[in-house]
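All of the numbers you see were taken from the coordinates with simple rules; none came from a lab. Nothing here was measured: the structure is a model prediction, and the numbers come from that model. Ideal geometry is used to build each Cβ from the backbone, glycine not excepted, and the neighbour counts take in all protein chains shown.
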């Protein structure tokens, strides 16, 4: 049965309008208390540390969540039967046994089911405060399924007994062959066999593209191949920023051993000095994405462009899992890669009491992943924003460098215009650059395209003459200036971007 969004929200988040504490210390205290109860109960049952999977306890919104991975040796069917036995009601028909309510949800990225005790409250609504057990199987990225115990407030003793029993079953080895996922098991359809749990390059790219990630720089799969046009020479102006990008990112990707040798020679305890995250700040159309593509091209690694719609999902828990899968797959790339998070301010804004819970969880994933990058991996996160002031301070502190892409100055605007209107004279380019003041490189490109379209329509209608050779004439400077004025009238307020600094031209 397909699990609807509304059913899943009711099951996992509880009733709308319930009071939520804004004090983070209360949630931390509750999580510590629940962890202590679990550890004490496990010890009383004779379970030694290491005999069961590690688990995390956290408070998410209105719920306490206990989560752990199911090892590849875990017999999942045994685990489900054990859970149903502990939380279900005794069935009076169909030969006895226990009953629970099972709901399922399927997507290209994952499968999941929820188990709930079949109880109703006084209003007849199901499970507002009751236990919900979620079993999550990723179809992309991770090789291990997850299980979550979700409850508003503290767990009852019976619920803790079910959790402890699940941990015990998950820690047991299935001598008949696990029904979990591991290298001895039959691989998922279409997944291919993994060697030493590290997927092939083709498999990684395929998984990423199935999630909606655009992969540049991998010739066999990229829909927009990285060809010779993606070079610094085709990007006008912005020389100081180009040098900063090369020094901070590009050279570290090309020659990581040099940076590591310096770190080993200067530090008592080795810790990589290579960048893990860089922020590109600036108005739209100033070349932030183009710069990332140049870096990937010159470093010889794929660029993983993560659109906003890939990250944001209406289903509970999927957004952060999808983003986590992107980071996990990037770490498996044999030669490293660049993760490009566009419009990062849309899902990593400042954490406050009004922040949406999904946004809060996504931000937590980004922070954990940046902090947890393996030192021997060549993975760099490049985030782009035009609203740095809205970003969470904790995220800003993770960036090794912040590179500002301002609007182009007059000389740069002339260079950009010359790329798209090479027939104009130097004086005409100067006139055009004055008409495009406060415009980005993308604006100038669009103005040139619009001028070409207008002029072509006039030629077709016979409103303008051909040149002296009888060939179609080219747009004059007046056409470009007119189109620039039309575009300026359609602008939103740009007072915040009036500062002058050289900017990249879109190639």
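Data for the structure
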| read-out | value |
| --- | --- |
| Highest average packing first - 290-303, 104-117, Cβ atoms within 10 Å | 290-303, 104-117 |
| Cα centroid separation - the stretch 261-318 against the stretch 423-467, whole Å | 36 Å |
| Exposure proxy order (Cβ contacts within 10 Å, fewest to most) of 433, 440 | 433, 440 |
| Cα pair distances exceeding 21 angstrom across the stretch 416-490, given as percent | 25 percent |
| Inter-probe distance in nm under a simple model that places probes 7 Å from Cα toward Cβ, at residue 410 and residue 437 | 0.9 nm |
| Residue order, fewest to most surrounding Cβ atoms within 10 angstrom, among 491, 455 | 491, 455 |
| Packing-based ranking, highest mean first, of 385-393, 49-57 given that Cβ atoms within 10 Å are counted | 385-393, 49-57 |
| Ranked list, fewest to most other Cβ atoms within 10 Å of each Cβ, for 404, 74, 448 | 404, 448, 74 |
| Burial ranking of peptide ranges 255-261, 59-65, 271-277, 144-150 (average Cβ count within 10 Å, highest at the top) | 144-150, 59-65, 271-277, 255-261 |
